[in-house]
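*Asks:* Have a look at the structure that comes next, please.
Coordinate-derived values only; no laboratory data. Model, not experiment: these values are computed from the prediction. With ideal geometry, Cβ positions are generated from the backbone for all residues, glycine too; neighbour counts draw on all protein chains shown.
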Ligand SMILES: Cc1cc2nc3c(=O)[nH]c(=O)nc-3n(C[C@H](O)[C@H](O)[C@H](O)COP(=O)(O)OP(=O)(O)OC[C@H]3O[C@@H](n4cnc5c(N)ncnc54)[C@H](O)[C@@H]3O)c2cc1C
């Protein structure tokens, strides 16, 4: 098999799993990530004396390949089980949430599995790729921060949310327009609340099925969390999408009123707000990934594989196998 040089745009879980697998298969991979650190939507927000998982809250593992990966993370102390007391609020009533699911979180923070995957990889951080072109069978990338990336690549993989892939690459391949145009992603307004003392509420996490808030969790109940007592409150996707352009002040006011109604009074808490513009959503048919053999171009990400952390990891992994076995090897 010929060793190829492959650029991956996006160091979320999909881009990272793809990079690790391609490296295992003998290729040279470089990741370009617009943030300072990898993890994407599995991130952790930090402030003075506090931290909160403000994207993915936990993840589950059902596919044997992903279960194997989770076991490795557990053995390397990057992941642990989280067993909160979970309630559900529906039809104006609270009940205990019954489920046999095992819930995993990164330790000491949600971004730990991503950091673990990135350890041995070539990662160019703070590089927003804003233009792509092809010359002499090579992919050329342009960075908003540093201009033209000097090196050309044999293959290019976009591991970014569908709407962003659409903007960046629709002119390169009409199929991308069709697929990414169906990604149907929605935003998520997220509040992070810090308290001097643990609030007195009868749950550590709650699914809320009838209000503008859809999820509340005591970040401090996750394993190995230190610092100030911290909670994460997320608005539901439909409400978030409808009010995605609302000011942070108004969002805070409305979400805190809702939290108070649910019994979590944040009047004395310090609050931060984060807007995820593309938080969740997926194409109706789970394609897994997309690859174009003629162009040596691939797409991966949760949105191509049912959404969620497990879907993202599997999407990257399977694209790596496909692109190397069928197309790049010669
Ligand atoms: C609020 C919220 C709650 C969630 N809760 C859960 C949950 O409880 N359980 C669960 O399983 N999943 C949850 N998810 C979904 C989960 O986080 C995602 O499925 C998963 O992290 C997606 O990984 P990804 O690699 O596909 O995409 P991302 O994590 O979005 O990675 C894409 C990366 O590409 C980078 N990027 C984008 N454009 C460019 C560019 N032009 N140049 C360079 N870099 C670029 C981004 O910065 C990002 O790092 C949640 C997500 C959010 C936002």
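*Asks:* If you take the alpha carbon radius of gyration of region 74-173 and divide it by 2.2 N^0.38 Å, what ratio comes out, to two decimals?
*Replies:* 1.66
*Asks:* While we're here: Could you tell me the ratio Rg/Rh of the chain? Both radii from Cα atoms, Rh via Kirkwood.
*Replies:* Numbers: Rg = 20.3 Å, Rh = 20.6 Å.
With Rg and the Kirkwood Rh in hand, the quotient comes to 0.99.
*Asks:* Where does each of 107, 213 land when they are ranked from fewest to most other beta-carbon atoms within 10 angstrom?
*Replies:* Details: 107 20, 213 25.
Starting with the residue having the fewest Cβ neighbours, the order is 107, 213.
*Asks:* Dividing the alpha-carbon radius of gyration of region 248-307 by 2.2 N^0.38 Å (N being the number of residues), what value is obtained? Walk me through the numbers before you get to the answer.
*Replies:* On the way: Rg = 19.4 Å, N = 60, 2.2 N^0.38 = 10.4 Å.
Expressed relative to 2.2 N^0.38 Å, the Cα Rg reads 1.86.
*Asks:* Okay, next question. Want the number for residue 90 to residue 271: 0.36 nm per residue separation, take away the alpha-carbon distance, what's left? Before the final figure, lay out each step's value.
*Replies:* On the way: separation 181, 0.36 × 181 = 65.16 nm, distance 2.59 nm.
Full extension from residue 90 to residue 271 adds 62.6 nm.
*Asks:* Next question, about the same structure. Report the Cα centroid-to-centroid distance between region 113-142 and region 19-74 in angstrom, as an integer.
*Replies:* 16
*Asks:* Turning to a different aspect of this structure: What angle, in degrees between 0 and 90 and rounded to the nearest 10, separates the Cα long axis of helix 248-261 from the longest principal axis of the Cα atoms of the chain?
*Replies:* Once rounded, one gets 50 degrees.
*Asks:* Determine the relative contact order of the chain: mean sequence separation of Cα pairs under 8 Å and six or more apart, normalised by residue count, in whole percent. Write down the numbers at each step before the final one.
*Replies:* Working: 736 pairs, mean separation 77.1, N = 330.
Answer for the chain is 23 percent.
*Asks:* A further question on this structure: Diagonalise the Cα gyration tensor of region 117-210 and give the resulting equivalent ellipsoid semi-axes, square root of 5 times each eigenvalue, largest first, whole Å.
*Replies:* Values: eigenvalues 301, 81, 27 Å².
Values for region 117-210, descending: 39, 20, 12 Å.
*Asks:* To make sure I understand, if each residue's beta carbon is the centre and we count other beta carbons within 10 Å, what order do 30, 48, 250 fall in, fewest to most? Spell out each step's value before the answer.
*Replies:* Numbers: 30 18, 48 7, 250 10.
Fewest-to-most Cβ neighbours within 10 Å comes out as 48, 250, 30.
*Asks:* In degrees from 0 to 90, rounded to the nearest 10, what is the angle of the helix 13-24 Cα long axis to the longest principal axis of the chain?
*Replies:* Its long axis makes an angle of about 40 degrees.
*Asks:* To make sure I understand, if each residue's beta carbon is the centre and we count other beta carbons within 10 Å, what order do 151, 222, 200, 4 fall in, fewest to most? Please report the intermediate quantities before stating the final value.
*Replies:* Numbers: 151 12, 222 27, 200 8, 4 21.
Lowest count first: 200, 151, 4, 222.
*Asks:* Does region 1-82 classify as rounded, prolate or oblate by the C-alpha gyration tensor (a ≥ b ≥ c root eigenvalues; a/c under 1.5 gives rounded; else a/b over b/c gives prolate, otherwise oblate)? Don't jump to the answer; show the numbers that get you there.
*Replies:* On the way: a/c = 2.64, a/b = 1.37, b/c = 1.93.
Here region 1-82 falls in the oblate category.
*Asks:* Taking Rh as the Kirkwood radius computed over C-alpha pairs, what is the Stokes-Einstein D of region 143-191 at 37 °C in a medium of viscosity 0.692 mPa s, expressed in µm² per second? Please list the in-between numbers first.
*Replies:* Working: Rh = 12.9 Å.
After rounding, the answer is 255 µm²/s.
*Asks:* Let me ask something else about it. If you fit an axis through the alpha-carbon atoms of helix 64-75 and take the longest principal axis of the Cα set of the chain, what angle between them do you get, 0 to 90°, nearest 10?
*Replies:* Tilt of helix 64-75: around 70 degrees.
*Asks:* Could you work out the relative contact order of region 205-274, using alpha carbon pairs under 8 angstrom and six or more residues apart, expressed as a whole percent?
*Replies:* On the way: 63 pairs, mean separation 17.2, N = 70.
The value is 25 percent.
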